[in-house]
Amino acid sequence: MDYGYLNARIRGMKGRLLDRKALDDLVLKPDVDSLTAALEKTPYRQDVEEAGVKYSGVYRLEYALRRNFTRTFTRISELVRGEDGEKYLNVFLKRWDVQNVKTILRGKSIHAASEEIFECLLPVGSLDEASLSEMIKQPDVKSVIDLMAAWDIEYARPLMQAFSQYQSDKSLIPLDVALDRYHYEQALGSLKKNNYDAMVVRELLATQIDIINIKSALRMVRDKVSPDEAKVYFIEGGKRLDEDFLLSMINTKSVEGALKLLEPTHYSFLKSAPEESLKKEKISDLEKMLDKYMILRGISAYRGDPLSIAILVGFFWAKYNEVTNLRIIARCKTVGMSEEQVRKELIYA
């Protein structure tokens, strides 16, 4: 694979990403319309203009950002097609298939409007907008899974196996765990080589698994789930936290106690969470900190060997972070959040 050529193309794309000053300028815009006008002067211009034909307001920006993200990685997929790089890129893009399926199932379980569900999707994996739109049209969770099975979508099998448990208590957790477990088993199983490229991807996958398991452990500590019940929710393949460690977090019976165990690990930063969040066991604040760590960890891959898959992986996370930041700014503008509040929600790379 010609990593020299890929490196040059990716560096060109990275040079078009918005820097911190550009993001701060966008935060200062008073409303969605002025934010839209500002984005028309950036590399998002084409997508914003095309979105304006069908949509207005925040829906216009959501459509433009989805389209730009999809178009960017469609172009990169073409650059690596038929090469090892295609396999490595697909490992990350398929994560968004899983996330999109989860979002649709969650939307159906709470009877959310189709437009609200679609706004939250990023169709960059094997499930395109047309497929996702048809899934959203289904009346309930079971119908979505049945449609996926009829289409022979690979994620249907783990969902069907976990459906009876969902049906008994209407909790989406068994479905989420089934999807995650299937995805990471397949992803790690595809990395059979022991070269530098496979190592970069494997390390990031293992970090993702650790973070998913930490989130699960913290929720179960908060909800007073017993260690025996907790076992079935952990995913194998993490880098630093094995099942015994995760169960010891459950056994502390408090979020603060669980975080104390994490202090000798790479996740010691969680102890800096606001004191109020710890006392009230506000897991969402800790989850945001973990998400930020994952994004920055992914972006840091860009500093790896320039003649490897690392530069593509780093760009993937940087682009995802940019689109996520822009979506946050747009949504915050619709609810009138202050500039200071908006900045606290952003992740500056």
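Annotations for the structure displayed:
- With both labels modelled 7 Å from their Cα along Cα-to-Cβ, the VAL232 to ASP25 distance reads 5.4 nm.
- Accessible area in square angstrom per residue, the range 1-84, 1.4 angstrom probe: 54 Å²
- One Cα centroid belongs to the range 116-165, the other to the range 245-311; the line between them spans 30 Å.
- With an a/c value of 1.5 or above and a/b not larger than b/c for the gyration tensor axes a ≥ b ≥ c computed over the alpha-carbon atoms, the range 1-157 is described as oblate.
- Tensor-based shape of the range 154-257 (alpha-carbon gyration tensor, a/c under 1.5 rounded, otherwise prolate or oblate): oblate
- Here the Karplus relation 6.51 cos²θ - 1.76 cosθ + 1.60, evaluated at θ = phi - 60°, turns the backbone of the range 208-217 into coupling constants of 4, 5, 4, 5, 4, 5, 5, 4, 4, 4 Hz, with x for every Gly and Pro.
- Taking the square roots of 5 times each eigenvalue of the Cα gyration tensor of the range 1-73, largest first, gives ellipsoid semi-axes of 26, 16, 8 Å.
- Of the solvent-accessible surface of the chain, computed with a 1.4 Å probe and all protein chains present, 49% belongs to carbon and sulfur.
- Rounded accessible area per residue of the range 257-349, 1.4 Å, Å²: 46 Å²
- Under Karplus coefficients 6.51, -1.76 and 1.60, residue-wise ³J(HN,Hα) of the range 20-29 in Hz, glycine/proline x: 4, 4, 5, 5, 4, 5, 5, 4, 6, 5
- Two-site label geometry, GLU276 and LEU247: point separation in nm, points 7 Å out along Cα→Cβ: 3.8 nm
- Net length gained if the chain between SER164 and ARG71 were fully extended (0.36 nm per residue, minus Cα distance): 29.7 nm
- Relative contact order of the range 241-327, defined on C-alpha pairs under 8 angstrom at six or more residues apart (%): 15 percent
- Only helical runs count toward this figure. For the chain, summing -39,500 (n - 2.57) over DSSP H runs of n ≥ 4 and dividing by all residues gives -22000 deg cm²/dmol at 222 nm.
- Shown here are the Rg and Dmax of the Cα trace of the chain, at 20.5, 56 Å.
- Pair TYR59, ASP305: separation of 7 Å Cα→Cβ label points (nm): 4.9 nm
- Take every Cα pair under 8 Å whose residues are at least 6 apart in sequence, average their separation, divide by the length of the range 47-188, and the relative contact order is 19 percent.
- Length added when fully stretched, LYS260-LEU147, from 0.36 nm per residue minus Cα-Cα: 36.2 nm
- Hull volume per residue, based on the alpha-carbon atoms of the range 245-318 and their convex hull, is 105 Å³.
The values are calculated or read from the model by the stated rules, or taken from the named source; none is laboratory data. Bear in mind the structure is a predicted one, so any value in this text is a computation, not a measurement. With ideal geometry, Cβ positions are generated from the backbone for all residues, glycine too; neighbour counts draw on all protein chains shown. Just the protein is used for accessible areas: all its heavy atoms, side chains included, with ligands, DNA and RNA removed. Shrake-Rupley method; radii C 1.70, N 1.55, O 1.52, S 1.80 Å.
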